[in-house]
Each structure stands twice: as structure tokens, then as C-alpha cells.
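Okay, so here's the structure we're looking at.
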Amino acid sequence: MSSPRAISNIGTGLDVERIRADFPILRTSVHGKPLVYFDNAASAQKPQAVIDAIAHCYAHEYANIHRGVHYLSESLTGRYEAVRERIARFVNAPSAKEIVFTRGTTEAINLVAHSFLRPRLKAGDEILITAMEHHSNIVPWQMLCEETGAELRVVPISNAGELDLEAYERLLSDRTKLVGVVHVSNALGTVNPVKAMIELAHARGVPVLVDGAQSVPHVRVDVQALDADFFAFSGHKLYGPTGIGVLYGKLRHLQEMRPYQGGGDMIKYVTFAKTEYADPPQRFEAGTPHIVGVIGLGAAIDYVESVGLEAIAAHEDALLQYATERLLEVDGVRVIGTAVAKAGVLSFLMKQAHPHDIGTILDQEGVALRTGHHCAQPVMDRFCIPATARASFAMYNTFEEVDVFVRALEKVNRLFG
Amino acid sequence: MSGLRELYQEVILDHNRNPRNFRRIEGASHHAHGHNPLCGDKVEVFLVVEDGVVADVAFEGDGCAISTASASLMTEQLRGKSLAEAQALFDQFHDLLTGGAEPAKDLGKLGVLAGVREFPTRVKCATLPWHTLQAALRRQPDATTE
């Protein structure tokens, strides 16, 4: 076994102590113990820069945006649209017109289901997803299938939690109207080969939606290099506010798509006889948007880029590797999800204790982790388990915290052994 | 650790390790499935009711220590009870966990589950088998904690 010191010394170029100072919640105690926050795959904590940007916006910059002729409205509209440009650069989208603000990944997927796929789907068509999707990338498609008589097909996964790419190729057919695939699995941590999958789909003329909720905080995303038709992600897993997310869509798709919701801000011209819809992205942003959420998301992306996504990824990979090694030293532990390519997520079971009991006992030690099915019940069914315990890592986590976590698991064994 | 010891008392750990009446009853007169959608815990409760009395009761399932022990203790307490007594036991247990009542004498060993009150996220683990029992007695096929 490697000592914690030895691994710390690998040096990922990240000044974790300085980063931790930027996150006020990390100074919190839980049940008298320092907080060890390992529930980042559910939602990441917020740096002071994001909290300040939100407070400053409400205190000094706030007004409704678009169409205002007064100073505050015009100024905030500029900042809001500048975040759109920022996000386009962040994921390397060709144009900010391809960045649609949504409430989160879930709404982004529902938008594609309603506005892109629904009008072109008929009985006998197929939607292809994978066995490791989050419920948000299953249920919207199931709802379309119920409506239209189309069929949902599922790419199986191996015991390690890796996609069966041969089965994927076989399942792609003339009937396939869309592929929906998760970039990084929230339940298993698997990083899927989405670039290769998109190439295979495009060879058959099939568009692909990538669920990037879990990947964007850990992996550099380049939507042009991937050639993704749609790419969805959430702000709150990227150290930004809740209630704001992003749909990237190729402009030629967005231009052909019907609106998602009707209302203000998404029109060019309205009479009772006819309404002419606005161009993308406004066409998909009816009503007053989550303005301050967008400002907060912009601050979050600035923060992540100032730290450096590549350095963050290297640090999290080292943490994941160390945590996996340490975890396997604990008696009775079984890791669920042992793919070669993994990011940020460590799902596991203990022989003696149910995940729910593990979660309660670790909470008493100040360690926050998630237990349950992680909104991926088909993954649990695939492994014939009801639930897992899941530790997930972020830029501010440390090797010492992993040691606290492992000692807490040994406590579980003492209590239940 | 003191709160944890309250929660995971020896009786609970014992019933988790060696659940009593953990089996199916073929030809049960009453039967229901219980499901906690939050954590995925599942339990099935079987009863044989003869002349208004619980002649046999058993359960199967896959759950945490709290739900397994609660189900196991429940089956121990129910055997030989009339349906009215079973309902009274349900009410007393429910009050204990959700109403803050002191353990009633009739609850017997079930009183050890009072520690769950200090862990609000775990109350539904303890009540799931009981809601499943009630569904079975009312001839409803399913119970959930929602």
C-alpha cells in the first residue's frame, strides 16, 4: 500500500488549501466533526466568488433583462448575454446562438425530446440509450415512446460498468432516430467513449444527445471535437447555482425546432391570428429567465477556469485512485463500477452494512456521501443490488479526507461486525 | 457515537443479523409489497389470519438494518394478536416514531426503535414494514413510504 504522503507528493499542481479557503461551507462542522463533503456528484459547493457575484447582482445590478431602455436593464442584459458567450467558449461551441439556458440538464433533455424529436418520431422508430443512464435521460424518451408508439432500445453494460460497443453498433439502425448517452455515469463513474459513439451514429445519419451533467466539472468538453448534436449540463454541479443549466445544440437543429414553451421573450411578433417565433436561442427561453442564476454560472465558470480544469481533473483522478486503493483495504467492501476510464465517482457496497446504514454512520463522523439508487434504478437492477453508497470528489477534497472516510468505514465494520 | 448507539442498539443489530420470520408463506391469507422509493428498500409481508387472529406472519426483503430489524420485531409482536390489537400496535408504533410518544408498554421490544426519532431521514426505514402490514390487512397490493 502507498502511504497518503507518497500519493500527495505526486503533485497535481493544485493548491488545494488555497482552493478550500475559497469555499466558506468547508469551514462548517457537522455533529462536531469537520465537514468532509463527498456528495459532489449530487451537487458541488459554491466558492465565495459565485456567492459574491449573486449577492452583488441583486444588491447593485438587478433589473429585468431584454427590451429595457433604462440603464440597469441594458447593463444586465449585456452581462447576461456575455455569460452566453463565455459558455460558448467554455464548451467550444461555434456560436453563442447555440447556447440555450434551461433550468438544468433535465429540462435541456426534455426540451430536445419535445422540440426536436417529438415532431419527427412515429410508431416503429427507435430511441437508443444506454443501461447506465440517469432517470432524466430515460423518462423523457419513454414518455415520447408512449405517445408515438416508438421503441426505447438500451445498450447493455459489462460487469465492470462499461458499455458494450459491439452491441451499440448492432442496435444502431435505420429505425434509430436519436442516441442519448451519458458522458460520465453518476452511479458508476464510467467515462463513455462518446466521440467514437457519435461517429458511429453519424455514419448512419443518427443525431446524438450527450448528457454532460457529470462530465463538465471533470472533463474538458469540446462540442465541436465531439461533433455532438446536443450537449446538456447543469450549473449546480459546476460550482454554480441551482436552477440554471445549458443546452448546446447545433444551430441547424435549433433553427428547425419548434418552441419548448410559449410566452414572452420567445417571439418576434404576436397577433391573435399568428405568432412569429424568435430565432434561437431566444425561441427556447420563454418568460423571465433565471437572470441571477446565469450571472452566478458565469462566475462559476470563471472560477473553474482560473483554477484550471485540467489541474482539477488530475487532482480528482489522483483522489479517486487513492480512495479506491484505501477502500479496498476495508473488510467486506465491493466497488460497483470498475471501468478503466472513470471520473470522480466511487460507488461501493459493504458486506456487513446496507448503504443506508453506512450513510447514517458516516454522517455522524462529518462525512457526507450519498446512498440509494442515485436516480439510476436500471443500473442497480443490472447489478442486482438495491442501492450503493457513493463518494464523489471535487477540486477541494483532500487525501486526508479520504483517510477520515476510510476510518469511518472501519467504524461501520466495528459496529456491524 | 452516543446517538449511533441509541440508533443501533444490540437488539436491532441482532435482528438485522438474524431476522426472525424471514421467509415466504405460501397460501398466505394477506400479502403486500412495500417500497421506499427514496432508497430503493423493498419488503414483502405475509400473514395467515384465522378467526380474526394472526396465526402466522413473515417477511422477506432487502433493506437497511433499521427496516430489517423493524420488520423482524414486528412479526414477533404480531403473532397471536387479533386484528384490532394489530391495528392498535400499528398506531402505537406510528405515534412512537412520528408523534414523539413515549414507548407504550404493549410495544415490548419495539421500544428499542425509539432511537430512530433522532434520525428523521431514517424514520421511513422503520415504518416501511408497518405500512406494508397495513396494506396487506386492507388487501391493498402495495405500500410506499411516500
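Please treat every number below as a calculation from the coordinates, not as lab data. None of these values were measured; they are calculated from a predicted model. Ideal geometry is used to build each Cβ from the backbone, glycine not excepted, and the neighbour counts take in all protein chains shown.
Here are the numbers for the structure shown:
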read-out	value
Chain A, relative contact order in percent, only Cα pairs under 8 angstrom and at least six apart counted	23 percent
For the range A:213-258: relative contact order, % (alpha-carbon pairs under 8 angstrom, 6 or more apart)	32 percent
Antiparallel DSSP beta bridges within chain A, percent to nearest 5	60 percent
Shape call, chain A: gyration tensor on alpha carbons, a/c limit 1.5	oblate
Length-normalised contact order of the range B:1-122 in % [C-alpha pairs under 8 Å, at least 6 apart]	25 percent
Simple spin-label estimate for A:Lys411 and A:Val30 in nanometres, 7 Å along Cα-Cβ	1.2 nm
Among A:Asn92, A:Tyr269, A:His134 - extreme Cα towards positive end, dipole of the range A:51-306, charges at beta-carbon	A:Tyr269
Residue-averaged 222 nm ellipticity for chain B, from DSSP H runs of 4+ at -39500 (n - 2.57), nearest 500	-11500 deg cm²/dmol
Kyte-Doolittle mean at least 0.5, axial Cα span of 24 Å or more - DSSP H helices of chain A	A:291-307
Using alpha-carbon coordinates, inclination of helix B:123-137 to the longest axis of chain B, degrees	10 degrees
Magnitude of the charge dipole, the protein assembly as shown, Cβ model with Lys/Arg +1 and Asp/Glu -1, debye to 20	440 debye
Qualifying GluC sites (Glu not before Pro) for the range A:156-188 [loop in DSSP, other Cβ within 10 Å: at most 10]	none
Along chain A, longest interval not containing exposed trypsin sites (Lys or Arg not before Pro), exposed being DSSP loop plus at most 16 other Cβ atoms within 10 Å	A:275-350
GNM result for chain A, Cα springs below 10 Å: residue of A:His218, A:His183, A:His31 fluctuating most strongly	A:His31
Inter-part distance where the range A:279-310 and the range A:331-386 are each reduced to a Cα centre, Å	32 Å
At R0 = 35 Å, FRET efficiency that the Cβ-Cβ distance of A:Ser306 and B:Thr121 yields, to 0.05	0.45
Cα centroid of the range B:31-64 to Cα centroid of the range A:76-123, whole Å	47 Å
Global geometry of the range B:12-55, whether rounded, prolate or oblate, following the gyration tensor of its Cα atoms and the 1.5 cut on a/c	oblate
Per-residue [θ]222 nm for chain A (sum of -39500 (n - 2.57) over DSSP H runs n ≥ 4, rounded to 500)	-11000 deg cm²/dmol
Stretch gain in nm, segment A:Glu256-A:Val69, where the contour uses 0.36 nm per residue and the Cα spacing is subtracted	64.2 nm
Helix B:65-78 axis, angle to chain B major axis (alpha carbon atoms, nearest 10°)	50 degrees
Computed magnitude of the charge dipole of the range A:83-173 (debye, nearest 20; Cβ of K, R +1, Cβ of D, E -1)	560 debye
Violating pairs (Cα-Cα greater than 20 angstrom) within the set A:Lys122/A:Lys274; B:Lys81/B:Lys109; A:Lys97/A:Lys268; A:Lys97/A:Lys250; B:Lys42/B:Lys81	A:Lys122/A:Lys274; B:Lys42/B:Lys81
DSSP-loop chymotrypsin sites (Phe, Trp or Tyr not before Pro) across the range A:220-315, with at most 15 other Cβ within 10 angstrom	A:Phe272
Cα centroid separation - the range A:23-73 against the range A:205-244, whole Å	21 Å
